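Novice: After the structure tokens below, expect a handful of questions from me.
The values are calculated or read from the model by the stated rules, or taken from the named source; none is laboratory data. Predicted model only: the values in this text are computed from it and were never measured. We place every Cβ from the backbone using ideal geometry, glycine too, and count neighbours over all the protein chains shown. Only protein heavy atoms, including side chains, enter the accessible area calculation; ligands, DNA and RNA are left aside. Shrake-Rupley method; radii C 1.70, N 1.55, O 1.52, S 1.80 Å.
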Amino acid sequence: MTDTVISSATREVVIGFDRPFVVIGERINPTGRRRLAEEMAAGDYRRVETDAVAQVQAGARMLDVNAGVPLADEPRILRECVELVQSLTDAPLSIDSSIVAALEAGLDAYRGKALVNSVTGEEERLESVLPLIARHGAAVVAISNDETGISEDPDVRFEVARKIVERAADHGIPRSDVVVDPLVMPIGAIGEAGRTTFRLIRRLREELEVNTTCGASNISFGLPARPALNAAFLSMGMASGLTSAITNPLEPEIMTALGAADVMMGHDRNCRAWIARNSGAGAGGDAIAEARARRRQGRRRGG
């Protein structure tokens, strides 16, 4: 059994083989969202605020925070977004950047044990990111590509993942704190993408004994009816051993499929979560207003 523990200042989430699937909300990411990118660059985080609260309300147990705005001060933006999101919700965060200085700024601002997204098998990346992970006591997403690029051969990707796990251990980072991303490719372009991913996930669980995550929406890129494809992919991924995913919790098809898969996998004891979610007994009220009120209250206490 491998459990990856991620936490905020007041809440702990465990990613594990025999635990409920962990949805990591993908929406706080300016990639492909021009208006959000412009707002973040200008220091306007109202949409970040709305997306954070809405995703948690929809069932995300963690949130991915990405501030990759071209030609902007990414370390500053990421730090400010981490601080803002943590003031609104107690959901643990995945701090997401390809820039090491931005990761460091986000980690410096974070309260708890973060998941850092990400490290690849490239030597330069390993030597810059892994010491940062070790110093902050964080967990890390290991993306299974290296200097040679992304291989279509799942065995090659597996060996890259093994390399990252071994190098992490050299820095004192246990395999339980390495969550491997097998790299999901668009099935519209690569017809074997689904089966390749499922095969790799099984090996990662059985041989490396690591938890896994992925950017689930990649599977449906360029195709119509994407939420339905993503939902089917995630359910099949769970059956293969996938334990978490960065996805959109605001898509009902996805959340319903994941809840049903948790029931079928025996991860939802006595179907309690399924019954609670589907019996009409939901939480009411203005969640965004409540979150803002909590934030103001926290500021008053701090002052």
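Novice: Just one of (1) among the hydrophobic types (A, V, I, L, M, F, W, C); (2) more than 12 Å from M40 (Cα to Cα); (3) under 15 Å from the mean Cα position of the chain (by Cα) trips up L88, so point out which.
Specialist: (3)
Novice: Could you say which residue among G112, G172, G106, G121 is open to solvent by 40 Å² or more (accessible area, probe 1.4 Å), touching a strand residue (DSSP E or B) at 6+ places or on another chain (Cβ under 8 Å) and of a type in the set (G, A, S)?
Specialist: G112
Novice: Report the residue count in the stretch 23-75 for those that are open to solvent by 50 Å² or more (accessible area, probe 1.4 Å), among the acidic types (D, E) and more than 15 Å from the chain's Cα centre (by Cα).
Specialist: 2
Novice: When the stretch 224-242 is examined, which residues are found to be more than 22 Å from Q55 (Cβ to Cβ), part of a loop (DSSP other than H, G, I, E, B) and touching a residue at least 12 places away in the same chain (Cβ under 8 Å)?
Specialist: G241
Novice: Let me ask something else. Considering the stretch 145-164 alone, what residues qualify as being open to solvent by 40 Å² or more (accessible area, probe 1.4 Å) and within 22 Å of the chain's Cα centre (by Cα)?
Specialist: Within the stretch 145-164, I150, R162, K163 qualify.
Novice: Against the condition at negative phi, modelled with pLDDT under 95, open to solvent by less than 80 Å² (accessible area, probe 1.4 Å) and in contact with a Gly (Cβ under 9 Å, 6 or more places away or on another chain), how does A281 come out, does it pass?
Specialist: no
Novice: Hey, any hits in the stretch 85-93 for a residue that's at pLDDT 95 or above, assigned to a strand (DSSP E or B) and either hydroxyl-bearing (S, T, Y) or in contact with a strand residue (DSSP E or B) (Cβ under 8 Å, 6 or more places away or on another chain) (or both)?
Specialist: Within the stretch 85-93, one or more residues are at pLDDT 95 or above, assigned to a strand (DSSP E or B) and either hydroxyl-bearing (S, T, Y) or in contact with a strand residue (DSSP E or B) (Cβ under 8 Å, 6 or more places away or on another chain) (or both).
Residues checked against (1) over 23 Å from V13 (Cβ atoms); (2) open to solvent by 10 Å² or more (accessible area, probe 1.4 Å); (3) at pLDDT 95 or above:
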position	(1), (2), (3)
A139	no, no, yes
I143	no, yes, yes
E166	yes, yes, yes
F198	yes, yes, yes
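Novice: Could I ask something else about it? Which one of these is assigned to a helix (DSSP H, G or I) and either touching a residue at least 60 places away in the same chain (Cβ under 8 Å) or surrounded by fewer than 19 Cβ atoms within 10 Å (Cβ to Cβ) (or both): A189, A261, A245?
Specialist: Only one candidate passes the filter, namely A261.
Novice: Looking only at the stretch 212-226, how many residues end up being more than 23 Å from V180 (Cα to Cα) and either among the acidic types (D, E) or open to solvent by less than 30 Å² (accessible area, probe 1.4 Å) (or both)?
Specialist: Adding up the residues that qualify gives 0.
Novice: Select from the stretch 145-164 the residues that are aliphatic (A, V, I, L, M) and at pLDDT 95 or above and write down the one among them that is farthest from I15 (Cα to Cα).
Specialist: My answer is V156.
Novice: Of the residues F221, F198, which is in contact (Cβ under 8 Å) with a residue 40 or more places away in the chain and either small (G, A, S) or out of contact with any Leu (no Cβ under 7 Å at 6 or more places or on another chain) (or both)?
Specialist: F198
Novice: Determine if the stretch 176-187 includes at least one residue that is closer than 22 Å to I254 by Cα and small (G, A, S).
Specialist: For the stretch 176-187, residues closer than 22 Å to I254 by Cα and small (G, A, S): absent.
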